[in-house]
Amino acid sequence: MIIGEKWVKEHYNGESEFILPEGVMVIGNGAFKGCESLEKIVLPEGVTEIGDYAFDGCGFLKSIIIPESVKSIGWGAFALCDGVVIICKSDSYAEKYATEHHIYFDWYDLPF
C-alpha cells in the first residue's frame, strides 16, 4: 500500500504518536507534510520507501522508527524537522542516510 496526503488526512487525527499499520510499503511525497503535532512515528517492517518531503515541516517530530526494509529515503524527507532522531538498526540504510544528512540516530536491537 502506498500512502499519501489523502490517506494521512483520513487516518491521522493529530495524535502526538502514530503507528502506521502493517501493509504500508511506501510513504508518498509530502504525505505527513506540516503535521505539526506529530512527535513520534513508527514505520512497520515492509516499508521500503519514504518519499520526498514526506515529513517536511513536522517541527515537533522527535523520533521516527525506521525498519531495515527501508531502502530509499527521498530528498528533504525530514526538512524542517530540527532535532528529529532516526531510530534504526545498526548498519541499515536509515543509519547511512542519517549519517550522510547529519541527522541524529540511535539503534534498536529488538523488534518493535
(request) Summarise the accessible area of the stretch 64-105 (1.4 Å probe, protein heavy atoms) by the percent that is carbon and sulfur. (result) 56 percent
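Can you check how the C-alpha radius of gyration of the stretch 63-112 compares to 2.2 N^0.38 Å, as a plain ratio?
After normalising by residue count via 2.2 N^0.38 Å, the value is 1.04.
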(request) Calculate, for the stretch 5-112, the solvent-accessible area per residue in square angstrom, rolling a 1.4 angstrom probe over the heavy atoms of the protein chains. (result) 54 Å²
(request) Tabulate in residue order the Karplus-calculated ³J(HN,Hα) for the stretch 59-74, using 6.51 cos²θ - 1.76 cosθ + 1.60 with θ = phi - 60°, rounded to whole Hz; enter x for Gly and Pro. (result) x, 9, 5, 9, 8, 9, 8, 10, x, 4, 5, 6, 10, 8, 10, x
(message) Using only the alpha-carbon atoms, what does the stretch 35-81 span along each of its principal axes? Please give whole angstrom values in decreasing order.
(response) 26, 20, 11
(request) Would you calculate, for the chain, the mean residue ellipticity at 222 nm contributed by helices, counting each DSSP H stretch of 4 or more residues as -39,500 (n - 2.57) and dividing by all residues, to the nearest 500? (result) -3500 deg cm²/dmol
(message) Kirkwood Rh over alpha-carbon pairs of the chain, then Stokes-Einstein at 4 °C and 1.567 mPa s: what D in µm² s⁻¹, rounded to an integer?
(response) 96 µm²/s
(request) Hand me the trypsin sites (Lys or Arg not before Pro) from the stretch 6-112 located in a DSSP loop with no more than 13 other Cβ atoms within 10 Å, in residue order please. (result) Lys71
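The values are calculated or read from the model by the stated rules, or taken from the named source; none is laboratory data. Since we're looking at a predicted model, the values are computed, not measured. Note that each Cβ is placed from the backbone with ideal geometry, even for glycine, and that neighbours are counted across all protein chains shown. Just so you know, the surface numbers come from the protein's heavy atoms only, side chains and all, with ligands and any DNA or RNA stripped out. Shrake-Rupley method; radii C 1.70, N 1.55, O 1.52, S 1.80 Å.
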